[in-house]
1. Extending each Cα 7 Å along its Cβ direction at Ala35 and Arg76, get the distance between those two points in nm, one decimal.
2. Which of Thr173, Cys105, Leu226 sits closest to the plus end of the dipole of the chain, meaning its Cα is farthest towards the positive end, when Lys and Arg get +1 and Asp and Glu get -1 on the C-beta?
3. What does the convex hull of the Cα atoms come to per residue for the range 163-228, in Å³?
4. Take the Cα pairs of the range 191-247, get the Kirkwood Rh, then feed it into Stokes-Einstein at 20 °C and 1.002 mPa s and tell me D in µm²/s.
5. More than 22 angstrom separation, counting every C-alpha pair in the range 93-219; what % is that?
6. What is the gain in length, in nm to one decimal, between Asp273 and Ala287 on full extension, counting 0.36 nm per residue of separation less the C-alpha to C-alpha distance?
7. Only Lys, Arg, Asp and Glu count, each charged at its Cβ (+1, +1, -1, -1), so figure out the dipole size of the chain about its Cα centre, rounded to 20 debye.
8. Net charge near Ala228: determine it from the other residues with C-beta under 14 Å of the C-beta of Ala228, scoring Lys and Arg +1 and Asp and Glu -1.
Amino acid sequence: MTLTPTANSLARRFFSDLPLSQTSVSNTALHQFIAERLHQTHAVLNGTLDGTGPGSLIGSDWYTGFWHKKKLTSGRVVHCRNKSGMDITAQREMDFDFPAKRETCQRIMRNLPATGCPQLLTLASAHGNCVQAAIQRNPNVRIDNVESRDDVLQVWKSRKISLGVETTDHRCTLQEFTNATVFAARHFDLINADAMGYAGRTMFEYLWPINRAKNTNILAVTTQKLDAFRNHGDFQDGLRKRYAKSKDPHAACIVDWLPNYEMIDRFVYRKDDQSKHREVFVFKLEA
């Protein structure tokens with residue numbers, strides 16, 4: 001049986017076939033190469049390759065070891081070969097540090113108690129915008145940080161020293177952390193689930209343990225802004241069937257996964273006019 005190639009595997013072939021003398025290539029050319037072979041739309045490929053999860057370019061060692069993305073002043077995105085000595089992790093993480101992101105973190109952290117020593121679980125990434133916003137809100141906040149990538153975690157450990165902040169760092173994914181036996185015994189004032197994914201099995205696997213444990217007063221969930229469900233498979237197709245008559249299926253699904261919580265805020269943001277929108281849902285534990 002011949003297996004259908006994935007967008008990621010075709011991307012790897014695309015970059016491998018480029019001559020060593022070629023130092024950059026447009027994102028449009030990459031998408032066109034893959035779209036012609038998989039018969040997928042550019043919107044789907046943008047979500048898959050240009051996102052942050054499994055199968056994305058920045059989630060693939062074969063890509064980050066040799067390439068990085070750069071947005072030109074025209075708004076076009078190109079892929080550039082890494083230069084010797086370049087800090088690729090820092091280059092990649094720059095995509096997550098921009099004014100709208102910092103404002104979003106500040107809006108989320110307004111839900112953190114301004115007094116006492118509140119407990120925060122978050123994903124600091126390399127820049128720690130959420131951490132800085134939390135400390136600005138309450139300097140006595142105690143922070144658990146989850147990070148799945150070794151390189152990003154090492155950058156954060158250096159950065160937090162320069163910022164003069166403390167975090168307890170956990171090398172794992174958010175779903176691994178929330179599914180750990182000790183998680184239900186913890187209590188947080190705020191969980192900032194800034195995983196930027198979408199309603200699917202992975203999101204369900206970290207939201208449902210939070211709902212079951214009822215161990216955070218506030219839960220902020222950052223997602224891709226979608227009007228419908230992404231991807232295919234039994235799980236995703238089941239969601240499409242269940243919410244076929246919903247006018248807002250993506251949001252309705254996330255709300256249904258958190259029956260012990262009430263949504264108290266919802267807003268969108270994006271990096272610039274050419275970027276995709278992100279959406280934030282903020283929930284409060286029901287009494």
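Just so it is clear, none of the values below were taken in a lab; they were calculated from the coordinates. Treat the numbers as computed from the prediction; the structure is a model and nothing was measured. Here the Cβ positions follow ideal geometry from the backbone for every residue, glycine too, while neighbour counts run over all protein chains shown.
1. Label-label distance for Ala35 and Arg76, simple model: 1.6 nm.
2. Leu226
3. On the way: hull volume 7.5 nm³, N = 66.
Here the figure is 114 Å³ per residue.
4. It diffuses with D of about 171 µm²/s by this estimate.
5. For the range 93-219, the share of Cα pairs beyond 22 Å comes to 32 percent.
6. Numbers: separation 14, 0.36 × 14 = 5.04 nm, distance 4.02 nm.
Between Asp273 and Ala287, full extension yields an extra 1.0 nm.
7. Values: 38 positive and 30 negative charges, 81 e Å.
Roughly 380 debye, rounded to the nearest 20.
8. Working: positive: Lys225, Arg230, Arg240, Lys241, Arg242, Lys245, Lys247; negative: Asp227, Asp237, Asp248, Glu279.
So the surrounding residues net to +3.
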